[in-house]
Amino acid sequence: MTARISIARPAGQGGYPPSYSSAPPSYSPDPHGLSNPRPSAGYRAANPDDPVEKLRAYASQAEDYVEIYSQPLKPHLPAIGRFLIVVTFLEDALRIMTQWGDQLWYLQRHRKFPWGISHFFLLINVITMLVGSGAVITKRHTEFAVGGLLGVVIIQGFGYGLIFDLNFFLRNLSVIGGLVMVMTEAMFTNKKRFAGLPSLSENDRKKYFLLAGRVLLIFLFLGFILQGEWTIARFFLSIIGLAACGMVAVGFKAKWSASFLVVVLSIFNVFVNNWWSVHSAHPQRDFLKYDFFQTLSIVGGLILLVNMGPGGLSVDEKKKTY
């Protein structure tokens, strides 16, 4: 009992027996493991009255929960992310094949494509999307597959006359961000193929690709804010979503904020882009389906970000170095 009472007294002043110059090595101040083994800043605010400290404590705790609960899925996250990123290209290829006549009519009548050129345009799009998507899923020749799919995004924008449509432009920037994340993941697992750019090290290329992917991924939310009618729920969702997008862009608590966006976008996608509830003859059905699968692609990019982390050019990484 006396040992417990006197543990706070300094050594050499009667706190320990004469044979010890310091506390006995076998003594533990928390024998039952009830205290938090981590530094208190990870879970509790250093200054309880400071709202910034509180927010940091909550964010750290949330990030730990994400890390814990994502462990069972972690081995499968890369495959899930890659599949979701290319699912919009697979759906687009299927739509062109099932609506071949309508696609030709639109290109020839409204876009003034000559006969034969319109056929070649659709055919090259379908082949590139199917082959490129398959290569991304199976992780074969990823750099060529990503280049082909990027080409499809660009030529479709010009071919269908949507390149100057702001919502289309922002959404496709996010899809491009997902493809950049695929390229970055390939760099992590296949270093020899990316041996070019001698002025940059392997780590430098990863950092810049991850930064570009993070920034491009958040453009979807800008498109969401600019379209649709405003409600109170939409306003608060936009504010919270923009905050999470900013955190992803600068790489602050990036895994937590990316996980939050995955959940929000998935719920939003099911309830807003519910194309399955619209009649097959309704013209809005194709637009909803297009938005639904594009959002899935962006969710896939965020999943890859959760798996790989924000990279070297981020606030999280700078904090580690300090």
Next on the checklist: For region 157-168: of the residues being assigned to a helix (DSSP H, G or I) and modelled with pLDDT of 85 or more, which is farthest from D92 (Cα to Cα)?
Outcome noted: F158
Checklist outcome for this item: Checked pairs for region 150-178, first free of Cβ contacts under 8 Å to residues at least 12 places away in the same chain, second among the aromatic types (F, W, Y), C-beta under 6 Å and 6 or more apart or across chains, list as L162/F168
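Quick grid of which residues meet (1) under 22 Å from the mean Cα position of the chain (by Cα); (2) hydroxyl-bearing (S, T, Y); (3) loosely packed, with under 13 Cβ neighbours inside 10 Å:
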site: R111; (1), (2), (3): no, no, no
site: G116; (1), (2), (3): no, no, yes
site: H119; (1), (2), (3): no, no, no
site: L122; (1), (2), (3): no, no, no
site: G147; (1), (2), (3): yes, no, no
site: F169; (1), (2), (3): yes, no, no
Checklist entry - Residues in region 293-300: is at least one modelled with pLDDT of 85 or more, among the aromatic types (F, W, Y) and in contact with a Leu (Cβ under 6 Å, 6 or more places away or on another chain)? => result no
Checklist entry - So, in region 243-267, of the ones that are of a type outside the set (A, V, I, L, M, F, W, C) and over 16 Å from A57 (Cα atoms), which residue ends up nearest to the chain's Cα centre (by Cα)? => result S259
Item to check | Which numbered condition F224 misses (of (1) at pLDDT below 70; (2) crowded, with 19+ Cβ neighbours inside 10 Å; (3) under 24 Å from G134 (Cα atoms)) | outcome: (3)
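Results for (1) among the hydrophobic types (A, V, I, L, M, F, W, C); (2) surrounded by 12 or more Cβ atoms within 10 Å (Cβ to Cβ); (3) modelled with pLDDT under 80, shown as yes or no for each residue.
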{"site": "N36", "(1), (2), (3)": "no, no, yes"}
{"site": "P39", "(1), (2), (3)": "no, no, yes"}
{"site": "Y43", "(1), (2), (3)": "no, yes, yes"}
{"site": "L55", "(1), (2), (3)": "yes, yes, yes"}
{"site": "A59", "(1), (2), (3)": "yes, yes, yes"}
{"site": "D64", "(1), (2), (3)": "no, yes, yes"}
{"site": "P75", "(1), (2), (3)": "no, no, no"}
{"site": "G81", "(1), (2), (3)": "no, yes, no"}
{"site": "V87", "(1), (2), (3)": "yes, yes, no"}
Item to check | Qualifying positions in region 112-130 - in contact with a helix residue (DSSP H, G or I) (Cβ under 7 Å, 6 or more places away or on another chain), free of Cβ contacts under 8 Å to residues at least 24 places away in the same chain and farther than 17 Å from F158 by Cα | outcome: W115
Checklist entry - Which of the residues that make up region 125-156 are more than 17 Å from V87 (Cβ to Cβ) and modelled with pLDDT of 90 or more? => result I127, F144, G147, G151, I154, I155
Checklist outcome for this item: Filtering region 273-298 down to residues that are in a loop (DSSP other than H, G, I, E, B) and within 24 Å of the chain's Cα centre (by Cα) yields N273, N274
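The values are calculated or read from the model by the stated rules, or taken from the named source; none is laboratory data. What you see is a predicted model; the values in this text were computed from it and never measured. Positions of Cβ are generated from backbone atoms using ideal geometry, with glycine treated the same way; all protein chains shown enter the neighbour counts.
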